[in-house]
Structure formats: C-alpha cells, structure tokens
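Chemist: Below are the structure tokens for one structure; questions will follow.
The values are calculated or read from the model by the stated rules, or taken from the named source; none is laboratory data. Bear in mind that the values here come from a model prediction, so they are computed numbers and not experimental data. As a convention, Cβ positions derive from the backbone with ideal geometry for all residues, glycine included, and neighbour counts pool all protein chains shown.
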Amino acid sequence: MTIMSFLDERAVTTDLKVPNQSKEEIIQALVQLLVAAGAIKEKDVARLVQILLKRESLGSTGIGQGVAIPHGKCDCVKDLVAAFGVCRSGIAFDSLDGEPVHLFFLLVAPEDSAGPHLKALARISRLLKDKHFRDTLKNAKDEKTLVRIIREEDERRH
C-alpha cells in the first residue's frame, strides 16, 4: 500500500490556516481539503468533524516529532481517503511528546473498514519516523513539490 493510493493530490496543502490554533480548526481545514478534492460532500463536513473530534477525545492522534494523524470512520466515504497539510507555525495538538505539530495526515475510512485503515496508519507512521522525510515535507515550497516528495518516498520505501 502506498500513501498516494489513498491520498488525492488535490487534498494537499503547504499552508494550513489555523488563526485560533485549535484542534477543531485544524481538523475543519483538513476536512475542507477532502471537500475540495471531491472526496466528501459539503453536507457531511459537520458530522465528519464531530467524528474526528470524538476520536481525539479518546486520546490525541499527535504521535510526536511534529506529526499528527487524525483519523476516523464515516459512512460518508466508500474508500479510504486522506488529506495532508503542513502548518508552518506548528500548533499545540496534545502530542505525546508535547511538541507543536507541523505535519497533519487526515485519514477517513468507511464504517466497515478495518484492514486498509490500519495499514494506512502504519504506513504513514513508518515513513514519518524518518527525520529527513519530515523536514523535506515541512520545507516544501508548494503542493506540487509536496506530492512529488511523498510519491518519491513511497516508491523508495515500497
């Protein structure tokens, strides 16, 4: 499984906007990337944001080293979908290491999906353990470069 098999390149940004620095705001911005990519419908946004915030309330998805992988299951998708955003300033996300988060991977899986969802989480976590990869993503100048970096890392570590 490659990241680009579930990450639509239209759901990627190098400039996540979070004026109030809140979890809800960052999740809302990531969900809007999925809307822009056509992966979910606008009418499902509020419900999906609630599902993701409920998951966060069980324990932060900020895994440390500047990375968070908010995720959840929703009947608003038929296949596993993802969005990826870079927040240059970094935000407090209750990470395991207490550090601000700069890299956000949002995963949304269908209600009845377990395997692909878990494989995707494992794949993302494994690739993002690499400091050079994290730094390269954080410093990407635009979305096209971000997608190229992810695609190259996917191929290199497949």
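Chemist: Which condition from (1) hydrophobic (A, V, I, L, M, F, W, C); (2) modelled with pLDDT of 95 or more; (3) buried (at least 17 other Cβ atoms within 10 Å of the Cβ); (4) over 17 Å from MET4 (Cβ atoms) is the one that VAL45 breaks?
Modeler: Among (1) hydrophobic (A, V, I, L, M, F, W, C); (2) modelled with pLDDT of 95 or more; (3) buried (at least 17 other Cβ atoms within 10 Å of the Cβ); (4) over 17 Å from MET4 (Cβ atoms), the lone unmet condition for VAL45 is (3).
Chemist: Next question. Name the single residue that is farthest from HIS158 (Cα to Cα) among those in the range 4-63 being among the hydroxyl-bearing types (Ser, Thr, Tyr) and outside any helix (DSSP H, G or I).
Modeler: My answer is SER22.
Chemist: Name every residue in the range 145-158 that is in contact (Cβ under 8 Å) with a residue 24 or more places away in the chain and in contact with a helix residue (DSSP H, G or I) (Cβ under 7 Å, 6 or more places away or on another chain), in order of residue number.
Modeler: LEU146, ILE150, ARG151, GLU153, ASP154, ARG157 - these are the residues of the range 145-158 that are in contact (Cβ under 8 Å) with a residue 24 or more places away in the chain and in contact with a helix residue (DSSP H, G or I) (Cβ under 7 Å, 6 or more places away or on another chain).
Chemist: Still on this structure, I have one more. Take the residues in the range 88-100 that are touching a residue at least 60 places away in the same chain (Cβ under 8 Å) and buried (at least 18 other Cβ atoms within 10 Å of the Cβ); name whichever of them is nearest to ARG126 (Cα to Cα).
Modeler: PHE93
Chemist: Which of (1) assigned to a loop (DSSP other than H, G, I, E, B); (2) buried (at least 23 other Cβ atoms within 10 Å of the Cβ) does GLY85 not meet, given it meets every other one?
Modeler: Just one mismatch for GLY85, condition (1).
Chemist: Moving on to the next point. How many residues does the range 90-125 contain that are closer than 21 Å to VAL35 by Cα, under 13 Å from the mean Cα position of the chain (by Cα) and not hydrophobic (A, V, I, L, M, F, W, C)?
Modeler: Adding up the residues that qualify gives 1.
Chemist: Sort through VAL108, VAL12, VAL86 and tell me the only one that's modelled with pLDDT of 95 or more, in contact with a His (Cβ under 8 Å, 6 or more places away or on another chain), within 20 Å of ASP135 (Cα to Cα) and among the aliphatic types (A, V, I, L, M).
Modeler: Step by step, each of VAL108, VAL12, VAL86 is checked, and only VAL86 is modelled with pLDDT of 95 or more, in contact with a His (Cβ under 8 Å, 6 or more places away or on another chain), within 20 Å of ASP135 (Cα to Cα) and among the aliphatic types (A, V, I, L, M).
Chemist: What number of residues within the range 106-144 satisfy the criterion of being without any contact (Cβ under 8 Å) to a residue 40 or more places away in the chain and either crowded, with 21+ Cβ neighbours inside 10 Å or part of a helix (DSSP H, G or I) (or both)?
Modeler: Residues flagged as without any contact (Cβ under 8 Å) to a residue 40 or more places away in the chain and either crowded, with 21+ Cβ neighbours inside 10 Å or part of a helix (DSSP H, G or I) (or both) within the range 106-144 amount to 10.
Chemist: Identify, please: which residue in the range 48-67 is at pLDDT 95 or above and among the hydrophobic types (A, V, I, L, M, F, W, C) and is, among those, nearest to ILE124 (Cα to Cα)?
Modeler: Filtering first and then ranking leaves VAL67.
Chemist: Here are LEU16, LEU53: which of them is closer than 26 Å to LYS144 by Cβ, surrounded by 15 or more Cβ atoms within 10 Å (Cβ to Cβ) and touching a residue at least 12 places away in the same chain (Cβ under 8 Å)?
Modeler: From the options LEU16, LEU53, the qualifying one is LEU16.
Chemist: Among the residues in the range 123-140, are any among the acidic types (Asp, Glu) and farther than 19 Å from HIS71 by Cα?
Modeler: yes
Chemist: Taking the range 56-82, which residues are surrounded by 20 or more Cβ atoms within 10 Å (Cβ to Cβ) and among the small types (Gly, Ala, Ser)?
Modeler: GLY62, GLY66, ALA68, GLY72, ALA82 - these are the residues of the range 56-82 that are surrounded by 20 or more Cβ atoms within 10 Å (Cβ to Cβ) and among the small types (Gly, Ala, Ser).
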